[in-house]
Amino acid sequence: MHKQIRAIFTDTTIRVYQAYGDQIADVALRQGTFAAPFSFSRMTWIKPSFLWMMYRCGWGLKDENQKRVLAIDIDRAGFERALSMACLSHFDSELYPSETAWKEKLQASAVRIQWDPERDIFFRPLPHRSLQIGLSGEAVHMYAGEWIKSITDITEEASRLKKAVDAGDRSYLEANLPQEQLYPLPRSIALAIGAD
């Protein structure tokens, strides 16, 4: 499969990842959701793929504003609602009748999605793509106000995994890397976002 959502999920929740600096992370962990200084006026990107998040934040070592890695369990109904509201960040002639129609949907949508190459533990691109979801406007408020069920700080786990990668400790990686499964998208949503 070329474009797929792989994630950790239960019957009711799906795990996504974000990385922030201390101020935002501390408040989120204390309150169980995002609150100031988190910005509700900017687009916030959530990622179901653990290794794509590690690639993006460099195992929490890339910069101060992404040094705390958070695992966020959100309501599956909310996750699927976000996808049903989404527009691709880039024009795709297989999904939109014209570039004009795509631009109109992009302007009207509070959710954007990108399909980026999935990464292995060394951050090499893999042949299949992984989903990023950008939430803005009403979608950010629904995310923080309704969809989030729990937030866990996994910064130390990320650090231990990075050390195992550097040491070539495959047994530790096999035992401790998150085991993501193919997420069963409703067919109508899969077609709308170009998932296989």
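The values are calculated or read from the model by the stated rules, or taken from the named source; none is laboratory data. Quantities reported herein were computed from a predicted structural model and do not represent experimental measurements. Glycine also receives a Cβ, built like all others from the backbone with ideal geometry; neighbour counts cover every protein chain displayed.
Brief remarks follow.
- Qualifying residue in the stretch 124-146 (condition: at pLDDT 95 or above, part of a loop (DSSP other than H, G, I, E, B), under 19 Å from the mean Cα position of the chain (by Cα) and of a type in the set (A, V, I, L, M)): no
- Candidates Ile121, Ile133, filtered to the one that is under 30 Å from Lys162 (Cα atoms), surrounded by fewer than 19 Cβ atoms within 10 Å (Cβ to Cβ) and in contact (Cβ under 8 Å) with a residue 40 or more places away in the chain: Ile121
- Members of the stretch 1-58 found to be part of a loop (DSSP other than H, G, I, E, B) and buried (at least 22 other Cβ atoms within 10 Å of the Cβ), listed by number: Ile5, Phe34, Pro48, Ser49
- Test: residue in the stretch 80-102 that is within 27 Å of Thr10 (Cβ to Cβ), in a helix (DSSP H, G or I), touching a residue at least 40 places away in the same chain (Cβ under 8 Å) and among the basic types (Lys, Arg): yes
- Failed item, numbered, when Leu106 is tested on (1) more than 15 Å from Ala195 (Cα to Cα); (2) among the aliphatic types (A, V, I, L, M); (3) in contact (Cβ under 8 Å) with a residue 60 or more places away in the chain; (4) surrounded by fewer than 18 Cβ atoms within 10 Å (Cβ to Cβ): (3)
- Residue list for the stretch 51-93, filter: basic (Lys, Arg) and more than 12 Å from the chain's Cα centre (by Cα): Lys62, Lys67, Arg68, Arg76, Arg81
- Residue in the stretch 149-159 that is more than 18 Å from the chain's Cα centre (by Cα) and within 27 Å of Asp120 (Cα to Cα) present: yes
- First in the stretch 151-163 and touching a residue at least 60 places away in the same chain (Cβ under 8 Å), second anywhere and surrounded by fewer than 16 Cβ atoms within 10 Å (Cβ to Cβ), Cβ under 6 Å, 6 or more apart: Ile151/Leu29; Asp153/Leu29
- The residues in the stretch 64-101 that are touching a Lys or Arg at 6+ places or on another chain (Cβ under 9 Å), of a type in the set (A, V, I, L, M) and over 20 Å from Met53 (Cα atoms) can be counted, and the count is 1.
- Here Leu185, Leu173 are screened, and the one residue that is assigned to a helix (DSSP H, G or I) and not hydroxyl-bearing (Ser, Thr, Tyr) is Leu173.
- Taken as a whole, the structure places Gly60 among residues that are more than 26 Å from Pro186 (Cβ to Cβ), of a type outside the set (D, E, K, R) and out of contact with any Cys (no Cβ under 8 Å at 6 or more places or on another chain).
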